[in-house]
Amino acid sequence: MEKAEKTVKRINMDRKRRLLEPTIFSGNDESDAEEWIDWYELCVKKEKWSDEDKMELIEIYFEKKESYWFRNVNKGFKSWKDVRQAFLDKFVGKEQEIKAWRQLQEIRMEDFADIEDL
């Protein structure tokens, strides 16, 4: 973790000159997981992070629940591609599910004359 700590220290020292920084990711219904991971990659590319740095430091930008998920699955990652794919598998599917559930909740029985109209 020493290398990650050095990277964090460098990030803090350079914070004043930074214009791009990843936002905190929460897998709630307001989040767009695909857009977030693309933004994360753009920000860390600007900072010239290695794939190893990307893998070690992504958790800093997760909310509590997402951080727990990452700690549980992190042991199996061998590359940044693995991390990215696991993230998308987990949160893009969830995003679609939440949107579908919201649409179902918006349907009201009073909008239909009969149950057959559903």
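We did not get these values from a lab; they are worked out from the coordinates using the rules stated. Nothing here was measured: the structure is a model prediction, and the numbers come from that model. When we count neighbours, we look across all protein chains shown, and the Cβ atoms used for this are built from the backbone with ideal geometry, even at glycine.
Each residue in segment 60-81 was checked for being surrounded by 14 or more Cβ atoms within 10 Å (Cβ to Cβ), out of contact with any strand residue (DSSP E or B) (no Cβ under 7 Å at 6 or more places or on another chain) and part of a helix (DSSP H, G or I), and 5 of them qualify. The set of residues from segment 22-59 being among the acidic types (D, E), within 15 Å of L88 (Cα to Cα) and not in a helix (DSSP H, G or I) comprises D29, D32. Among the residues of this structure, V92 does not count as one that is under 11 Å from the mean Cα position of the chain (by Cα), in a helix (DSSP H, G or I), over 15 Å from D32 (Cα atoms) and in contact (Cβ under 8 Å) with a residue 24 or more places away in the chain.
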